[in-house]
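As structure tokens, the structure follows; a few thoughts come after it.
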């Protein structure tokens, strides 16, 4: 964080999307950590947030030391918390210190909750060209641990820490790796190290211009170059996430790898227009394209075609095809109707076909998409039913009806009247390749974690998620019912 600089920014409006609920109010959040089934993040000032499900947040996380902009990492069966004391101009100059401390648990109500004495790992002097603040920590694949830190008031630096003690490796010399950013973080992916930096101005509510940029290197100590080959030590950086929807001022990136193909990132937005302009925690999907991180979007309420990645066919309710009584055909092909002006056609609508549908539970299948009512799924968030890290649970119903996609006790899917039961609530994760995983909150008669899959070109079912298989992946194509296209 740093002193306020004024700038103007206009956030874009978009369809309803979701953000964390409850009291997700925080500034400079650490990477979100899971501990004993709950989620934790710490912020500037010493406090932090707790969530039972990753979706609804409340205050209550604790760490001593105060200071600013902490980060967190789990190493073995312990948690390392790292934070800056003063720095960033908070003490009137560039003087600052960064400390690490350990705990067996992040649950302040646990009998094992006790932080170790803090260890100073680096610092900066009043007149130094670096502020020791805003730490970001990485445990590299080779087992070595690295710390990046610094603000706009000078260089971003990197030092090596001992992952066993949390102390600085003896004799290690800090190296300058970037300028014109702060609140940095380090991550590793597919042979590349990435430096995520927060660019722009902070601490000015809706006028904050914070945004997150990235560069990458084959070496953890740099040089970190952006997609155009510009070195971050010279001000380079590829935009990852900025203002969007109803929130502006993205900063303090933290990555969460949940499993293969399922990644999220945390940050704060300096101002959420729907929360009175307060700074809020956000969690979004993280994707990868050409070995560059890409910010995914939280799913919005809307009507979608649910398209299987396996063949490109659409999920649909299994009902008889009803012919439309209008349009072209062979007569138009041979020019017999060409004397009259062409008139736009309406899509087939629900009232034209619903009387032909069977009552009660109905099978679901996969077929080629043709704009038909039995292929249009209204995906609607149900926040009061809880959620996961980046979205509420959703109900998925045939648009205009209460016929809800439902998991049954045979591990199959069907439509049934919506009641709000767990088997009718769906977790929808955007995957690292941009496709989606669709999972029921619960499946009757089993505790197995199952996902919607294509068992064949025309057969949807529930099975084990496999990121390496297109059978497990779906695309969501927003349907514009007002369009004639």
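Here, each number is a calculation from the coordinates, and none is a lab measurement. Just so it is clear, the model here is predicted, and its values are computed rather than measured. So basically every Cβ, Gly included, is an ideal-geometry build from the backbone, and we count neighbours across all protein chains shown.
Here are some notes:
- Sorted by Cβ density within 10 Å, fewest first, the residues 195, 299: 299, 195
- Tail fraction, Cα-Cα pairs, the chain, threshold 39 Å, whole percent: 31
- Counted over region 52-169 with a bin width of 5 Å, the fraction of Cα pairs per bin, in whole percents, is 2, 12, 21, 21, 18, 13, 9, 3, 1.
- For region 308-467, the fraction of C-alpha pairs farther apart than 29 angstrom is 27 percent.
- Equivalent ellipsoid semi-axes - Cα gyration tensor, region 21-295, angstrom: 24, 22, 20
- As a proxy for reagent exposure, ranking 122, 248, 165 by other Cβ atoms within 10 Å from fewest up yields 165, 122, 248.
- Relative contact order, percent, the chain [alpha-carbon distance under 8 Å, six or more residues apart]: 12
- Counting every pair of alpha carbons in region 336-385, the share spaced more than 18 Å apart comes to 57 percent.
- Only helical runs count toward this figure. For the chain, summing -39,500 (n - 2.57) over DSSP H runs of n ≥ 4 and dividing by all residues gives -500 deg cm²/dmol at 222 nm.
- Mean separation of Cα contacts under 8 Å, 6 or more apart, over the residue count of region 21-295: relative contact order %: 13
- Residue-span extension gain [residue 422 to residue 311] - 0.36 nm each, minus C-alpha spacing: 37.0 nm
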